[in-house]
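> Here you go, one structure.
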Amino acid sequence: MSSLRRIATLLAISATAIGLTAGGASAAPTKVAWTKCFSGFGPFQCGTVQVPLDYDQPNGATISLALVRLPASDPAHRIGSLFLNPGGPGGSGVDFALFAGPFLYNDSVRAHFDLVGFDPRGIGRSTALRCFGTQKQWGPIFTPFAFPSTSAEEAQWMNGELYLDSSCAQRGGKIADHMSTATWRETWTNSARSWVTNN
C-alpha cells in the first residue's frame, strides 16, 4: 500500500471513529470564507468560524475561532485536509501551521492535502481569554525561577497562581468555563469536519 493510501485510510478511520464517538447536540455546519493572508509565508488562506460557546446550548452564544489553511499544491488530486495542532496548553495552531506547516511533510503529502491550523478557544486570534487589562498587571505571576525549590519560592509561586486564578475569574468572562479538552473534542466532533468537507 502506498504511503498516500495509508494516510488516506488512517484519515478515513479517524473520521469514522470521531463520528462514532461524537456526543451532544450538533451545531450547524459552517462554511469558511477563505481569504488570502500571510503571503510572506506562502499561499496561505485565513478564515473565521463561529462555534457554540457551550455545546450543551448549540443555539446559544457563540465564539469565533481563527483558521489558517495551506492549500494542497496539486488541487486537482487533493485527497483532503490534515489538521495541525501543536498541543499546549495555549498553543496557537495558526502560528504552528504558518511556521512549521510548509516543512512538516514531503512533497507528495503536500500535493494531496490541505494543511489547516486553528487557534483553540480562548487562544491567540480566536475569541480570547483575557485575564488582565494591561501588561503591567501580569507582573505577579512571573517569578525569577523556573520552578520553586524552597518554601519561600513555593509560597511566591502559589501566590502568583492564586492571583492569576482570581484575575481570570474577574475578567475572563464565560469562555473561561468552556476551554477544556472535552470542549475541544466537541468543537472537533461537531464543527471541525464541516470546515474542510464544506469548503
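> Taking Ile123 as the residue in question, decide whether it is of a type in the set (Val, Ile, Thr) and in contact with a Leu (Cβ under 6 Å, 6 or more places away or on another chain).
When the stated conditions are applied, Ile123 does not pass them.
> Could I ask something else about it? Has the range 141-158 got any residue that is polar (S, T, N, Q) and assigned by TED's automatic domain parsing to the domain that holds Asn59? Before you say what the answer is, go through the steps one by one.
Going through the range 141-158, the residues polar (S, T, N, Q) turn out to be 143, 149-151, 156.
Those left that are additionally assigned by TED's automatic domain parsing to the domain that holds Asn59: none.
Within the range 141-158, none of the residues are polar (S, T, N, Q) and assigned by TED's automatic domain parsing to the domain that holds Asn59.
> Quick one: would you say Ala182 is among the small types (Gly, Ala, Ser), within 26 Å of Ala97 (Cβ to Cβ) and free of Cβ contacts under 8 Å to residues at least 40 places away in the same chain? Show your work before the answer.
On the way: among the small types (Gly, Ala, Ser): yes; within 26 Å of Ala97 (Cβ to Cβ): yes; free of Cβ contacts under 8 Å to residues at least 40 places away in the same chain: yes.
In short, yes.
> Let me ask something else about it. Based on this model, can you work out whether Phe113 counts as modelled with pLDDT of 90 or more, surrounded by 17 or more Cβ atoms within 10 Å (Cβ to Cβ) and either of a type outside the set (Val, Ile, Thr) or closer than 30 Å to Met158 by Cβ (or both)? Walk me through it before giving the result.
Values: modelled with pLDDT of 90 or more: yes; surrounded by 17 or more Cβ atoms within 10 Å (Cβ to Cβ): yes; either of a type outside the set (Val, Ile, Thr) or closer than 30 Å to Met158 by Cβ (or both): yes.
Considered against the rule, which asks whether it is modelled with pLDDT of 90 or more, surrounded by 17 or more Cβ atoms within 10 Å (Cβ to Cβ) and either of a type outside the set (Val, Ile, Thr) or closer than 30 Å to Met158 by Cβ (or both), Phe113 comes out as yes.
> Return the total of residues in the range 133-144 being free of Cβ contacts under 8 Å to residues at least 12 places away in the same chain, assigned to a loop (DSSP other than H, G, I, E, B) and either polar (S, T, N, Q) or touching a Cys at 6+ places or on another chain (Cβ under 9 Å) (or both).
Filtering the range 133-144 for residues free of Cβ contacts under 8 Å to residues at least 12 places away in the same chain gives 134-136, 138-139, 144.
Checking the rest, the ones that are also assigned to a loop (DSSP other than H, G, I, E, B) come to 134, 144.
From what is left, the residues that are either polar (S, T, N, Q) or touching a Cys at 6+ places or on another chain (Cβ under 9 Å) (or both) are 134.
Looking only at that region, the number is 1.
> Here is a further query. Is it the case that some residue within the range 70-85 is at pLDDT below 90 and either out of contact with any strand residue (DSSP E or B) (no Cβ under 8 Å at 6 or more places or on another chain) or closer than 30 Å to Ala169 by Cβ (or both)?
yes
Residues checked against (1) at pLDDT 85 or above; (2) surrounded by 14 or more Cβ atoms within 10 Å (Cβ to Cβ):
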residue	(1), (2)
Cys131	yes, yes
Gln135	no, no
Ser149	yes, no
Ala155	yes, no
Met158	yes, no
Cys168	yes, yes
Thr181	no, no
Thr189	no, yes
Trp195	no, yes
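> Looking at (1) assigned to a helix (DSSP H, G or I); (2) under 16 Å from Ala176 (Cα atoms), which one does Arg130 not meet, given that it meets all the others?
(1)
> In addition: Kindly list, by first and then second residue, each pair from a residue in the range 145-165 that is among the hydrophobic types (A, V, I, L, M, F, W, C) to a residue that is surrounded by 14 or more Cβ atoms within 10 Å (Cβ to Cβ), limited to pairs with Cβ atoms under 7 Å and residues at least 6 apart or on different chains.
So the pair list comes out as Phe145/Glu153; Trp157/Pro148; Leu164/Cys131; Leu164/Ile141.
> Would you be able to tell me the number of residues in the range 71-98 that are assigned to a helix (DSSP H, G or I) and exposed (fewer than 15 other Cβ atoms within 10 Å of the Cβ)? First the steps, then the outcome.
So the first thing to find is which residues in the range 71-98 are assigned to a helix (DSSP H, G or I), and the list is 75-77, 93-98.
Pick out the ones that are also exposed (fewer than 15 other Cβ atoms within 10 Å of the Cβ) and you get 75-77.
So the count comes out to 3.
> Now, a different point. Quick one: Tyr55 ticks every box in (1) more than 29 Å from Asp177 (Cα to Cα); (2) at pLDDT 85 or above; (3) buried (at least 16 other Cβ atoms within 10 Å of the Cβ) bar one, so which box is it?
Against the list (1) more than 29 Å from Asp177 (Cα to Cα); (2) at pLDDT 85 or above; (3) buried (at least 16 other Cβ atoms within 10 Å of the Cβ), Tyr55 comes up short only on (1).
The values are calculated or read from the model by the stated rules, or taken from the named source; none is laboratory data. Everything numeric in this text was worked out from a predicted model, so none of it was measured. Ideal geometry is used to build each Cβ from the backbone, glycine not excepted, and the neighbour counts take in all protein chains shown.
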